[in-house]
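*Asks:* I am attaching a structure below and will ask some questions about it afterwards.
The values are calculated or read from the model by the stated rules, or taken from the named source; none is laboratory data. Note that the structure is a prediction, hence the values are computed from the model and not measured. Note that each Cβ is placed from the backbone with ideal geometry, even for glycine, and that neighbours are counted across all protein chains shown. Surface accessibility is based on the protein's heavy atoms, side chains included, excluding ligands, DNA and RNA. Shrake-Rupley method; radii C 1.70, N 1.55, O 1.52, S 1.80 Å.
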Amino acid sequence: MIVPLADLRAQYRSLKDEIDAATVAVIESSCFIDGHNVDSLEVQIATACGASHGIAVASGTDALVLSLVACGISRGDEVITTPFTFGATTEAIALVGAVPVYVDVDGCTFNLNTAQIESKITGKTRALLPVDLFGQMTDRKILADIAARHNLRLINDSAQAIGALQNSEKIAHTGDTTTLSFYPTKNLGAYGDGGMVLTNNEEVAGMLTTLRGHGQTAYGYHEYIGYCSRLDSLQAAILKVKLNHLADWNEKRRKNADAYNALLAETARNKTELQLPRQEPGNYHVYHQYTIRHPRRSEMQAFLKHNGIDTKIFYPLPMHLQNAYAYLNYHAGDFPIAEQVANEVLSLPIHPELTESQIEYVAEKVREFCNQ
Ligand SMILES: *Cc1c(COP(=O)(O)O)cnc(C)c1O
């Protein structure tokens, strides 16, 4: 049996008529930048995520960069973040000239360990940039409390967590900004690049709108050195069609995760090297990834590949050990949990198009590997 890591073609086929009509309508209108599709998508996504403003931009990375700039983060400022994430998080901090300062992660949720944040705060710290990794929110209440006590900005990288909840609160409920990515394989993916910044702060929203359009406050009047970071109308039209299905897809991902949990629970109990992902109480995890741990993960990956199952390592090397960030002078051993996790994680297929028999097959092969 073949089990792919994602199946975007199957998803397109299930929506073909709606997507085709929406894209042709944009081309017929020939309104390719801005316009009503982008405006209404911003309102719909902001509402769905608990924000009063949504500002569509060209990518999830731009959403982070523009958030940092709009929050006044600049050269020499320190931003506390996680070393175990996709590279864009640290990159955004470095691109605005600020200094990424890491705290180690929790080995069960893979999110940053909030208990270590306060020991890293210095006179230069200006912001917290946690990541809701794999679709599970970091503890917003603790983050907001630390940010308030130390007068820090809070930017949530929710690229992987659209639709997640924590104690019934949506991802953009807390913080100065919350960022999304519409990279094609994300839970809500475009047919190209795209992103959005969500905020409840009117002033920040205005600044973001100015920044994304070359820093103009009116056409031809450049108040700031800005960016060219817009979302195409075609992508907005496609995302509007797909947004109607997001809640169902996230439910399907959760059902798939429950199925893996049930099928692998006994093996994880008996073979303690196998660790299943943990959903913290109060969290509605949207399983952008279903990520297990095993000390022989590379062997497991090869075994699954041999049996037709695609898996991926998110992520193989923590940010503090990347060549690009060698200038920060971190070393192996500085964040032991992040380093161990990077050596043991493996993400199994979890996408909403999976069939029950595919899930049973993947679980069977994982059990077979663990028992050999
Ligand atoms: C995908 C992702 C990004 C970047 O999004 P792009 O749209 O690819 O620029 C940022 N942070 C995290 C955690 C991501 O998963």
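*Asks:* From (1) within 16 Å of the ligand (Cβ to nearest atom); (2) closer than 19 Å to PRO4 by Cα, pick out the condition that doesn't hold for ARG230.
*Replies:* In the conditions (1) within 16 Å of the ligand (Cβ to nearest atom); (2) closer than 19 Å to PRO4 by Cα, ARG230 misses (2) alone.
*Asks:* Tally up the residues in region 302-320 that are in contact (Cβ under 8 Å) with a residue 24 or more places away in the chain and open to solvent by 50 Å² or more (accessible area, probe 1.4 Å), please.
*Replies:* 4
*Asks:* Just the residues that are surrounded by fewer than 24 Cβ atoms within 10 Å (Cβ to Cβ) and near the ligand (Cβ under 9 Å from one of its atoms), please, taken from region 41-60.
*Replies:* ALA58, SER59
*Asks:* Could you check region 165-191 and list, in sequence order, the residues that are in a loop (DSSP other than H, G, I, E, B), surrounded by fewer than 24 Cβ atoms within 10 Å (Cβ to Cβ) and more than 10 Å from the ligand (Cβ to nearest atom)?
*Replies:* ASN167, SER168, HIS173, THR174, ASP176, LEU188, TYR191
*Asks:* Got a sec? Which of PHE32, PHE86 is open to solvent by 60 Å² or more (accessible area, probe 1.4 Å), out of contact with any Lys or Arg (no Cβ under 9 Å at 6 or more places or on another chain), within 16 Å of the ligand (Cβ to nearest atom) and assigned by TED's automatic domain parsing to the domain that holds ILE162?
*Replies:* Unique residue meeting the criteria: PHE86.
*Asks:* Of a type outside the set (Ser, Thr, Tyr) and within 10 Å of the ligand (Cβ to nearest atom), is that true of ALA147?
*Replies:* no
*Asks:* Could you grab the pairs with beta carbons closer than 8 Å, sequence gap of 6+ or different chains, first residue in region 342-370 and within 19 Å of ARG278 (Cβ to Cβ), second one at pLDDT below 95?
*Replies:* CYS370/LYS271
*Asks:* Just wondering, is there one or more residues in region 198-220 that are part of a strand (DSSP E or B) and either surrounded by 22 or more Cβ atoms within 10 Å (Cβ to Cβ) or not assigned by TED's automatic domain parsing to the domain that holds SER29 (or both)?
*Replies:* There is at least one residue in region 198-220 that is part of a strand (DSSP E or B) and either surrounded by 22 or more Cβ atoms within 10 Å (Cβ to Cβ) or not assigned by TED's automatic domain parsing to the domain that holds SER29 (or both).
*Asks:* Turning to a different aspect of this structure: Select the helices (runs of 4 or more DSSP H) contained entirely in region 5-84, then report the ones holding at least 2 residues which are farther than 30 Å from TYR315 by Cβ and in contact with a helix residue (DSSP H, G or I) (Cβ under 8 Å, 6 or more places away or on another chain).
*Replies:* Output list reads 8-29, 36-49.
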